[in-house]
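Peer 1: One structure coming up, written as structure tokens, with questions to follow.
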Amino acid sequence: MDISAKSIAGQIARMKTDALSPLLNPNSNDSFDIAQLANGYITSQQGIQQSSGIQALAGVSAVGRNMALPDPESAYKMMTEINYRSVQYQAQHATLADMQSGVTQLGQAAAKLDSISPESSFSAVRSQLQSFADQYNSWRREFDTDSQDPELLGNTQAAQAARHALQSSISSPFHGALNGLQGLSALGLEIDPVSKMAKLDVAAFENIWNKQPADATAAIQDFSKNFTEAANLLTANGNFFQKQFGNLDRAIDYIQSNQTALQNEFGLGDPPKLSQRLALAVAEYQRNQGMAN
């Protein structure tokens with residue numbers, strides 16, 4: 001049965017898209033198996049060649065296109081995308097690593113609040129709470145833009161989960177509930193609904209501390225345990241950050257290991273064009289990899 005060039009091109013585009021979609025979307029919550037991806041891609045190519053009579057690829061032309069393909073321009077555009085993703089994933093990896101370090105440090109800062117006792121001086125406790133709020137706000141500001149940027153962490157579940165979980169811990173009304181207090185907001189520490197930053201009302205905190213130091217201490221200790229557990233859970237093996245690192249590592253390794261073969265298949269593609277922010281993150285990733293090797 002004869003197959004038109006348009007039909008062949010459609011088959012190739014569809015099968016290549018299906019085979020490469022996990023590679024181009026490592027931000028998905030699902031992990032993927034590189035060996036399975038490669039085997040599925042090879043099988044699809046063999047099937048197309050057998051059914052359509054397409055011969056082995058003849059190589060890349062002087063203009064960077066594989067002219068043996070029915071639609072070399074579409075293939076070239078796909079390789080352009082792969083070239084870009086190869087460095088975008090490095091930028092995401094570096095940014096996510098920085099964010100994870102911040103989560104770990106926040107968990108450690110929250111754990112220190114457990115040492116507060118009813119006998120602690122108001123000034124010392126106020127200083128600790130303000131220091132924690134400042135550290136949280138610094139972390140939040142540092143990654144706010146990255147978490148909304150689709151090139152970096154905007155579509156990354158780990159980043160969104162971290163922001164939500166830590167904010168929810170601060171806002172929870174259950175800290176100190178057994179002692180009659182409704183969360184840290186009863187102590188004057190709450191999340192601003194507009195800026196999403198933590199703010200401490202010192203006068204409100206001093207009032208409740210002077211009247212109910214034991215109850216206030218219980219609320220702070222409840223929060224300390226809850227926030228620390230949330231931070232540890234986010235970075236635990238098999239959870240949000242580690243799953244995302246695994247997906248990114250596999251995608252980066254696959255592209256690097258198969259760059260030449262992919263370019264022979266699809267054409268050279270355009271070199272990636274990076275914003276300054278992405279370029280800095282890529283440089284950080286490569287520097288960290290160099291230090292690790």
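The values are calculated or read from the model by the stated rules, or taken from the named source; none is laboratory data. No experiment lies behind these values; they were computed from the predicted model shown. Ideal geometry is used to build each Cβ from the backbone, glycine not excepted, and the neighbour counts take in all protein chains shown. Please note that ligands, DNA and RNA were not included when accessible areas were found on the heavy atoms of the full protein model with its side chains. Shrake-Rupley method; radii C 1.70, N 1.55, O 1.52, S 1.80 Å.
Peer 1: What is the log10 of I(q)/I(0) for the range 148-293, computed with the Debye formula using one identical point scatterer on each Cα and no solvent, at q = 0.18 Å⁻¹?
Peer 2: The Debye formula, applied to the Cα set alone, gives -1.11.
Peer 1: Roll a 1.4 angstrom probe over the protein heavy atoms and tell me the percent of accessible area of the range 214-293 that is carbon or sulfur.
Peer 2: 50
Peer 1: Given a 1.4 Å probe and heavy atoms of the protein chains only, how would you sort Glu265, Glu229, largest accessible area at the top?
Peer 2: Largest to smallest exposure gives the sequence Glu229, Glu265.
Peer 1: Can you tell me the relative contact order of the range 152-236? Whole percent, Cα pairs under 8 Å, sequence separation 6 or more.
Peer 2: Relative contact order for the range 152-236 comes out at 31 percent.
Peer 1: To the nearest 10 Å², what's Thr80's accessible area with a 1.4 Å probe?
Peer 2: Counting only protein heavy atoms, the figure is 40 Å².
Peer 1: Loop only by DSSP, 10 or fewer other Cβ within 10 Å of the Cβ. Give me the chymotrypsin sites (Phe, Trp or Tyr not before Pro) in the range 149-228 that pass, ordered by residue number.
Peer 2: Loop-located and lightly packed - none at all.
Peer 1: Find out how many positive minus negative residues lie around Ser101, taking Lys and Arg as positive, Asp and Glu as negative, among other residues whose Cβ is under 13 Å from that of Ser101.
Peer 2: -3
Peer 1: Does the range 63-188 classify as rounded, prolate or oblate by the C-alpha gyration tensor (a ≥ b ≥ c root eigenvalues; a/c under 1.5 gives rounded; else a/b over b/c gives prolate, otherwise oblate)?
Peer 2: Judged from the Cα gyration tensor, the range 63-188 comes out prolate (a/c at least 1.5, a/b above b/c).
Peer 1: Another question, then. Using a 1.4 Å probe, how large is the accessible area of Val282, given in Å² and rounded to the nearest 10?
Peer 2: 10
Peer 1: Could you give the accessible area per residue of the range 221-283, probe 1.4 Å, as a whole number in Å²?
Peer 2: Accessible surface, normalised per residue, equals 51 Å².
Peer 1: Just need the relative contact order of the range 104-198 here, percent rounded to a whole number, with Cα pairs under 8 Å and 6+ apart.
Peer 2: Taking the mean separation of contacting Cα pairs over the length of the range 104-198, I get 18 percent.
Peer 1: Just tell me which aspartates and glutamates come within less than 17 Å, Cα to Cα, of Lys211; anything on the same chain fewer than 8 places away is out.
Peer 2: Glu119, Asp201
Peer 1: If you don't mind, there's one more thing I want to ask. Amide H of Glu190: which non-local residues (sequence gap of 5 or more, or other chain) have their own amide H closer than 5 Å, using H built in the peptide plane?
Peer 2: Hits under the 5 Å cutoff: Lys199, Asp201.
Peer 1: Which FRET efficiency value, to the nearest 0.05, do you get for Thr260 and Asp98 by plugging their Cβ-Cβ distance into 1/(1 + (r/R0)^6) with R0 = 41 Å?
Peer 2: The computed FRET efficiency comes out at 0.85.
Peer 1: How many angstrom separate the Cα center of the range 64-122 from the Cα center of the range 145-204?
Peer 2: Going from one Cα centre to the other spans 22 Å.
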